[in-house]
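The structure appears right after this line, and notes come after that.
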Amino acid sequence: MAIKKEALDSHFSGRAKEKSIATNFDEAFDIVFGTVKDEMSLWFALPSNRTRERFGFQKEVLVIYCPYSKTDARVLRTIDTVLKTREYANRIEKVIFILVHNGDKRETTELFANNLDRIIIPIQSEDILNAKRGTFFLRNIISEYLGQFDLFGVSSPINSEKYFFGRDTLVQALLTRVHGSNQSAGLFGLRKTGKTSVLKALQRRTEAKTSLVEYIDCANPGVHSCRWWQLLENIVLRLIDSCRLNYSKTLAINPSYSKASSGLRFSSDIKLIISSLSIERLTVLFDEIEFITPELSGAFGQHWDNDFVPFWQTIRSVVQETDGKFNFIVTGVNPASVENPYFKSAQNPIFQLAKPHYLEPFDLSAVKSMCKTIGRYCGLNFEPGVYEFLQEKYGGHPFLIRIACSEVLKNNNNNHPEKVISIAVESFQAVDKQILGRLSQPFKDIILSLIWWYPDEYELLHMLSSGDSEFVAEYINDNPNIVARFENYGITKGRFDSLQFAIADLKEFVFKNGNSFKQAVSPFIRGDVPLELLPEVPDLDILGALFTKRAKVEVALRRVVLMYLGMGSNWDETIIASKMLKGLNKLKDRPEPKNLFVSMKPAQVANELYTNDLKSIITANWDMFQTLFENNKVRFEMNMDTINTARNLEAHTKPIEPADVDNFNNSYDWLYSKILKVPG
């Protein structure tokens, strides 16, 4: 029986329909607890051994029973309430939930689609009660639903504890410093290494009753274009809103700061907020700190060369006046904001005030925990040796490792309700090409950080990628801090004369594309343009290879066209010309195709034709060419269209996706194999 006696007596007695539905969970779960919240029933479902093995469930799964004919966002609010209830939070899975509902199937599915933080699997009541539902009904639905999500491919900051791996020690160190000791801190690392995810974890683990945490993204133009006193006012306005929304507390503060009054006003306002809420501390998180750091800020923030000192003098004063009850964390790529003792001969107010921490690469244990946990949701089991392979190959960079796993998942998508797919090192090697294609953008993220914030060090890294290790060793011998910086960022490993890239594929990328990418972003002032708005740099080697192959097909097809049309016309050039004209369309630069033959012979005209022209001529005279191309006109046209895309890419030197390269090569191989059958 799926319902345990305790749950049956305490909740399901008198709820006949719920009991009937819950009983049918016996194929995968035992219902061990039931209660009511927000007019919906909550069941705690204990997974069977097979369900636990297939989906990696370590705890009970929360099932929400919604009796209404329309499902709405109340389900999300109920889940959040349960997760915040201490007696329940540690019992249930924090990512995957099951919703049993009576609403419209399509509307309900769309309501909860594409939310990886809360994967809610909707099942209609009538489907569960259907006697013909099948032995694996529930497990089929769960596996099919999870199969729609690429849980490894999450690129946005991690909002859920279930996906947060390998940084617990760092988060605890920050919590101890900021909340335990009432001190401030810094957090630094390259782009896409998880800084914002750490900040969000810090917010989640902060005791709401005793602390208020406010997040500020300094990359926001509305923030870094502010003058220093305007930003202080904005911080207070944000805190007033947080007091109202999170504490239902309306404060009688009407900040209207001026340059002269802002220091005193800010101090008074912060103290009033702390006392009004009776909290132990108030922490402000400044993300992307470079945007308000002297000599690093972009065009919209150049005033921070002068505004930095009075802004942080004010912050530091309030930190001291409140004995650390007001403190801060700054995060970014470049730690100059807390490590430089002076800016323009003025003393840095927060030098040595905020201890810098760095996002170090994942160790083997963290790699194993991340891959194993997410993999089991997806029905994957990583074999011995895989974790070591991933940690070594990608230098412990969690985002790069997840991308690699994402590509393997695409190749081994598991929708089977019981089967678990074993993944070996060879599984990654089989999709290495696709992985490299996906890594291109993260690699640009990594080196962009250096191009913008450490241009000299980037040049050194480029030399190292080209094998000029002797010069690099001499240089870093005189500048040993560079090695420490590279190690902090997880870019290199080894010391001085043995310095090498921690990520082999990154070395190859910097060597092949590092210079062209630097030139592409150099017209933009650092920090002014988000990376996603910068022009993507194409791989010139790939474009060159496409051009060569397309040209080979084009040249060979001209010969084929002339030979086949000639043989079918007894080599009469007038007839050949007329057959060619059947397939030539009018173009802007060719309003009358027949004029081509006024002064040129068919052989000369052929040299003026493009891939699309040759395709049109062949299809217009298909009866003559069909045997050569296996009587498959549709496939011929499709492959010709595919290789013709290379012309557009060459003309505009546009980047090309790995999948498009594969499609091109498949079309090229098919066409060229047919053309080779023609003698001459």
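The values are calculated or read from the model by the stated rules, or taken from the named source; none is laboratory data. Being a predicted model, the structure only gives us computed values, none of them experimental. Neighbour counts are summed over all protein chains in view; Cβ atoms, including those assigned to glycine, are modelled from backbone coordinates with ideal geometry.
Picking from LEU251, LEU277, LEU239, LEU232, which residue would you name as being over 13 Å from PHE311 (Cα atoms) and either touching a Ser or Thr at 6+ places or on another chain (Cβ under 8 Å) or among the polar types (S, T, N, Q) (or both)?
The unique qualifying residue is LEU251.
Given (1) loosely packed, with under 14 Cβ neighbours inside 10 Å; (2) under 53 Å from the mean Cα position of the chain (by Cα); (3) at pLDDT 75 or above; (4) aliphatic (A, V, I, L, M), where does LEU540 come up short, assuming only one miss?
(3)
Condition check: in a helix (DSSP H, G or I), crowded, with 18+ Cβ neighbours inside 10 Å and among the β-branched types (Val, Ile, Thr). Does ILE96 satisfy that?
Here the answer is no, as ILE96 does not meet what is asked.
Considering GLU426, GLU470, which residue is of a type in the set (D, E, K, R), free of Cβ contacts under 8 Å to residues at least 40 places away in the same chain and not assigned by TED's automatic domain parsing to the domain that holds PHE382?
The conditions single out GLU470.
Residue under question is ASN246, and the condition is that it be of a type outside the set (Asp, Glu), surrounded by fewer than 17 Cβ atoms within 10 Å (Cβ to Cβ) and part of a helix (DSSP H, G or I); does it hold?
Yes: the conditions hold for ASN246.
How about the stretch 220-240: which of its residues are farther than 22 Å from VAL178 by Cβ and either part of a loop (DSSP other than H, G, I, E, B) or of a type in the set (D, E, K, R) (or both)?
If the condition is that a residue be farther than 22 Å from VAL178 by Cβ and either part of a loop (DSSP other than H, G, I, E, B) or of a type in the set (D, E, K, R) (or both), then ASN220, SER225, CYS226, ARG227, GLU233 are the ones that fit.
Does SER297 qualify as being among the hydroxyl-bearing types (Ser, Thr, Tyr), closer than 21 Å to TRP453 by Cα and modelled with pLDDT under 90?
yes
Just to be sure, is LEU199 among the hydrophobic types (A, V, I, L, M, F, W, C), in contact (Cβ under 8 Å) with a residue 60 or more places away in the chain and outside any helix (DSSP H, G or I)?
no
Quick check on the stretch 58-92: of everything there that is surrounded by fewer than 20 Cβ atoms within 10 Å (Cβ to Cβ) and among the acidic types (Asp, Glu), which residue is farthest from the chain's Cα centre (by Cα)?
GLU87
When the stretch 359-371 is examined, which residues are found to be surrounded by fewer than 20 Cβ atoms within 10 Å (Cβ to Cβ), of a type outside the set (S, T, N, Q) and modelled with pLDDT under 90?
The answer is GLU360, ASP363.
Keeping to the stretch 5-27, report how many residues are surrounded by fewer than 14 Cβ atoms within 10 Å (Cβ to Cβ), free of Cβ contacts under 8 Å to residues at least 24 places away in the same chain and of a type in the set (Ser, Thr, Tyr).
So the answer is 1.
Residue by residue, here is whether (1) surrounded by fewer than 20 Cβ atoms within 10 Å (Cβ to Cβ); (2) closer than 15 Å to LYS518 by Cα; (3) at pLDDT below 90 holds:
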{"position": "PRO384", "(1), (2), (3)": "yes, no, yes"}
{"position": "ASN415", "(1), (2), (3)": "yes, no, yes"}
{"position": "SER422", "(1), (2), (3)": "yes, no, no"}
{"position": "ALA430", "(1), (2), (3)": "yes, no, no"}
{"position": "ILE446", "(1), (2), (3)": "no, yes, yes"}
{"position": "LEU464", "(1), (2), (3)": "no, no, yes"}
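Please tell me if GLU295 is crowded, with 21+ Cβ neighbours inside 10 Å and either assigned to a loop (DSSP other than H, G, I, E, B) or touching a residue at least 12 places away in the same chain (Cβ under 8 Å) (or both).
no
Checking the condition over 30 Å from the mean Cα position of the chain (by Cα) and of a type outside the set (Ser, Thr, Tyr), which residue from ASP287, ASP305 passes?
Within the list ASP287, ASP305, the selection yields ASP305.
Every residue in the stretch 622-644 that is touching a residue at least 12 places away in the same chain (Cβ under 8 Å) and of a type in the set (A, V, I, L, M), please.
Within the stretch 622-644, MET624, LEU628, MET638, MET640, ILE643 qualify.
Within the stretch 604-614, restricting attention to residues that are crowded, with 20+ Cβ neighbours inside 10 Å and without any contact (Cβ under 8 Å) to a residue 40 or more places away in the chain, which residue is farthest from the chain's Cα centre (by Cα)?
VAL605
Which of the residues spanning the stretch 446-482 are aliphatic (A, V, I, L, M) and within 20 Å of VAL521 (Cα to Cα)?
Matches in the stretch 446-482: ILE446, ILE447, LEU448, LEU450, ILE451, LEU460, LEU461, MET463.
Could you go through the stretch 330-344 and let me know if any residue there is surrounded by fewer than 19 Cβ atoms within 10 Å (Cβ to Cβ), in the same structural domain as VAL178 (by TED's automatic domain parsing), at negative phi and among the hydroxyl-bearing types (Ser, Thr, Tyr).
Taking every residue of the stretch 330-344 in turn, at least one turns out to be surrounded by fewer than 19 Cβ atoms within 10 Å (Cβ to Cβ), in the same structural domain as VAL178 (by TED's automatic domain parsing), at negative phi and among the hydroxyl-bearing types (Ser, Thr, Tyr).
Is there a residue in the stretch 434-445 that is of a type in the set (A, V, I, L, M) and under 28 Å from ALA336 (Cβ atoms)?
No, because not a single residue in the stretch 434-445 is of a type in the set (A, V, I, L, M) and under 28 Å from ALA336 (Cβ atoms).
Under 9 Å by Cβ, and 6 or more places apart or on different chains, what pairs join a residue from the stretch 121-133 that is over 13 Å from LEU99 (Cα atoms) and assigned to a helix (DSSP H, G or I) with one that is modelled with pLDDT of 90 or more and basic (Lys, Arg)?
Here the result reads LEU129/LYS17, each pair linking the stretch 121-133 to a residue that is modelled with pLDDT of 90 or more and basic (Lys, Arg).
Any residue that is touching a helix residue (DSSP H, G or I) at 6+ places or on another chain (Cβ under 9 Å) and closer than 26 Å to ALA28 by Cβ - is there at least one of those in the stretch 387-402?
So far as the stretch 387-402 goes, no, none of its residues is touching a helix residue (DSSP H, G or I) at 6+ places or on another chain (Cβ under 9 Å) and closer than 26 Å to ALA28 by Cβ.
Counting only residues that are of a type in the set (Phe, Trp, Tyr), under 18 Å from the mean Cα position of the chain (by Cα) and outside any loop (DSSP other than H, G, I, E, B), which one in the stretch 141-178 is modelled with the lowest pLDDT?
My answer is TYR163.
Hey, can you tell me all the residues within the stretch 470-495 that are assigned to a loop (DSSP other than H, G, I, E, B) and among the β-branched types (Val, Ile, Thr)?
Within the stretch 470-495, just ILE491 meets the criteria.
Taking the criterion of being acidic (Asp, Glu), crowded, with 16+ Cβ neighbours inside 10 Å, under 16 Å from ASN348 (Cα atoms) and modelled with pLDDT under 95, would at least one residue in the stretch 270-291 satisfy it?
There is at least one residue in the stretch 270-291 that is acidic (Asp, Glu), crowded, with 16+ Cβ neighbours inside 10 Å, under 16 Å from ASN348 (Cα atoms) and modelled with pLDDT under 95.
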